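Just so it is clear, none of the values below were taken in a lab; they were calculated from the coordinates. Since the model is a prediction, treat every value here as computed from it, not as a measurement. All Cβ positions, even for glycine, are placed from backbone atoms using ideal geometry, and neighbour counts span all protein chains on display.
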Amino acid sequence: MIRLLTRVAPLVLVSVPAWAQPANLQPTRDVTVTYRMNTPATAGAVSAPQEMRMAFSATAGKQRTDLPGGMGWMLVDRKANTAVMVMDEQKSTMAMPPATVEAMTQGVPPGATFTQKGTATVAGTACTEWDVAAGPGQGTSCITDDGVLLRAVATPPGGAPMTVMEATKVTYGPVDPALFSVPSGYAALSAPGGNAGVSNTVPPR
């Protein structure tokens, strides 16, 4: 699932000339979004859609992503340029390596471009569709004027377009600050080829 998030991110958050980019590339106000996630079939088996929830605090510059299947949740701090995986069952955290953080905080391949396509309504919310080319991969992202991703369609090289994530519920309004804090006492684990978690640097709740 983390691999899926890092593959989708470059197709959504791309720096392009001002005349051809969404008005905002990240939420400008607090919002909670529930998504239906689809993953490619493996060995001929079709995977059932799963639910994922994202909460954004525009003021704090933080994003919480609750991953499908109780895998844990990801805390992204855009101001600190960090991303931490939190696993409540194991009472542990794991700091993501720089390459993963970059993909989650608007890092994109050189030369990636947007082309405005049209408009759509997803989960009762209006958005603008943008065709995105990022290296060999292509896709279409539907983004609201205030920077909320509502749908992402990815087209791998030589493959068919697939809706990898689509909003099913969008709720604007204040988000509990406690959701963006790592519980105290969690152990910091080391990511493969990376650093240990940073639970001690995140305010406890």
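Determine, from the Cβ-Cβ distance of Asp146 and Ala48 and an R0 of 35 Å, the FRET efficiency 1/(1 + (r/R0)^6), rounded to the nearest 0.05.
Working from the Cβ atoms, E equals 0.65.
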The convex hull of the Cα atoms of segment 138-196, divided by residue count, gives a volume in Å³ per residue of 170
So Ser190 and Thr28, fully extended at 0.36 nm per residue minus their Cα-Cα distance, gain in nm 55.0 nm
The extension gain from Thr115 to Tyr172, computed as 0.36 nm times the residue separation minus the Cα-Cα distance, is 17.8 nm
Distance in nm between Met162 and Thr59 label points, each 7 Å along Cα→Cβ, equals 4.0
